[in-house]
Amino acid sequence: MTSDDVTVAGQRALVMGASGNVGACVTRHLAAGGADVRVLLRPTSSTRGIDGADIDRRLGDPFDPATAAAAMADRDVVYYCIVDTRAELKDPAPLFATNVEGLRKVLDVAADANLDKFVFLSTIGTIAVGANGEQVDEDTPFNWADRAGSYIESRRAAEQLVLSYAAERGVPAVVVNVSNPYGPPDWQPRQGMFVQMAALGKMPFYVRGVGSEVVGIDDAADAMLRASVRGRVGERYIASERFMTHRELVTTAADAVGARRPRIGIPMSVVYGFAYLADAIGSVLPVQVPMSRQSAFLLAHTSPASHAKATRELGWTPKPTEGFIARAAEHYVQRQQAGV
């Protein structure tokens, strides 16, 4: 892919985590841009997001040092997109096992791999939250550790680990803090869940007074590719287009496909009520409910963030996220109609 003045043609790339929405999009962009692309996937990983791409597929445990070293051999750039995003987990141990300890094993290999760049997919959740809706950036001191919960704690630990390996072990790491990405195909929607429900006419309500930073999936991938070429080692870059209210999000999705707009505005207190109920069910039944007080808190606890640094240093200029949301909504409807 060539984005204005940035090209990845000829880059020898390894994508770890290509089964996820962002990782798959990074893979597609690299392949389309003429890069020599290799992916490392578990045998059980979904490949629907990368099917049809001209890539070298390797199967194995990415946290096995020998497997990771073999996949990393002769590569210029590693795009690390492996992440467990299940903020609702009752037991946070899997979050730290994947997001921190698994990452540590890969970084140990990367330290000896003679890479040009190690591009790490992080989250907007490791960025501070502005008081009274004030805008924040990469340098705003993190200010909600006491309320962040296990998922954000694991992601902050992962980011700090990457930066420590850059400073102490010579890993040429760059961190990209991606916000909530939207766009097709998104075969396993998590952030896209509300868009999917609105597009399918299953979202009668919106949550009043809350919103989040959003970005188009292709622009998120573009930021990752630009970081591999222009990103400064040891630096963080926010990849987020703008702050969007929850009402805007679901209304955009519904309008794109002619579905009924969500018309009932509910307060966060109702969402917290459902979350408390979900936690109560999860505490007595052996089921994992995809909602918790912590995931509800993360829905509400956000603020606008600036992507000025990514624009200034990477040349990253995102497109309006509304277009990506509309395309995602259309794709969800087409999939339902096709029964896939």
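Ordering 274, 97, 121 by Cα displacement along the dipole of the chain toward the positive end leaves 274 in first place; charges were set at the Cβ atoms of Lys, Arg (+1) and Asp, Glu (-1).
By the gyration tensor of its Cα atoms, with a ≥ b ≥ c the square roots of the eigenvalues, what is the shape of region 58-144: rounded for a/c under 1.5, prolate for a/b over b/c, or oblate?
Details: a/c = 3.23, a/b = 1.65, b/c = 1.96.
Since a/c reaches 1.5 but b/c is at least a/b, the shape of region 58-144 is classed as oblate.
The dipole here belongs to the chain: it is taken about the Cα centre, uses +1 on the Cβ of Lys and Arg and -1 on the Cβ of Asp and Glu, and is about 860 debye. Just 41, 161, 277 to compare: in a GNM of the chain, with alpha carbon springs under 10 Å, which one fluctuates most? Result: 277 has the largest fluctuation of those listed.
Within the listed set 196, 294, 135, the residue fluctuating most in the Gaussian network model of the chain (springs between alpha-carbon atoms under 10 angstrom) is 135. The length gained on full extension between residue 270 and residue 313, counted as 0.36 nm times the residue separation minus their Cα-Cα distance, comes to 11.3 nm. Evaluate the Debye formula for the chain with equal point scatterers sitting on the alpha carbons, no solvent, and hand back log10 of I(q)/I(0) at q = 0.10, 0.15 Å⁻¹, in q order, two decimals. For the chain, the Cα-only Debye profile gives -0.58, -1.36.
Modelled spin-label separation between residue 137 and residue 263, with each label point placed 7 Å from Cα along the Cα-to-Cβ direction: 4.4 nm. Estimated at 0.36 nm per residue, the fully extended path between residue 336 and residue 208 surpasses their Cα-Cα distance by 43.2 nm. Ordering 251, 171, 161 by Cα displacement along the dipole of the chain toward the positive end leaves 251 in first place; charges were set at the Cβ atoms of Lys, Arg (+1) and Asp, Glu (-1).
Extending 7 Å from Cα along the Cβ direction at residue 164 and again at residue 90 yields two label points whose distance is 3.1 nm. Distance between the 7 Å Cα→Cβ label points at residue 145 and residue 67: 3.3 nm. Just to verify a number: FRET efficiency for residue 45 and residue 74, C-beta to C-beta distance, R0 = 25 Å, to 0.05? FRET efficiency, residue 45 to residue 74: 0.65.
Quick one: grab the alpha carbon gyration tensor of region 158-197, order the square roots of its eigenvalues as a ≥ b ≥ c, and give me rounded if a/c is under 1.5, else prolate or oblate depending on whether a/b is larger than b/c. Walk me through the intermediate numbers first.
On the way: a/c = 4.36, a/b = 3.70, b/c = 1.18.
In terms of gyration-tensor shape, prolate.
With all projection directions averaged, the alpha carbon convex hull of region 123-263 covers 9.7 nm².
Working from Cα pairs under 8 Å separated by at least six residues, relative contact order for the chain is 18 percent.
Where a number appears in this text, it was derived from the coordinates with a stated rule and is not lab data. The structure displayed is predicted, hence computed values, not measured ones. Cβ coordinates were reconstructed from backbone atoms using ideal geometry, including for glycine residues, and neighbour counts include every protein chain displayed.
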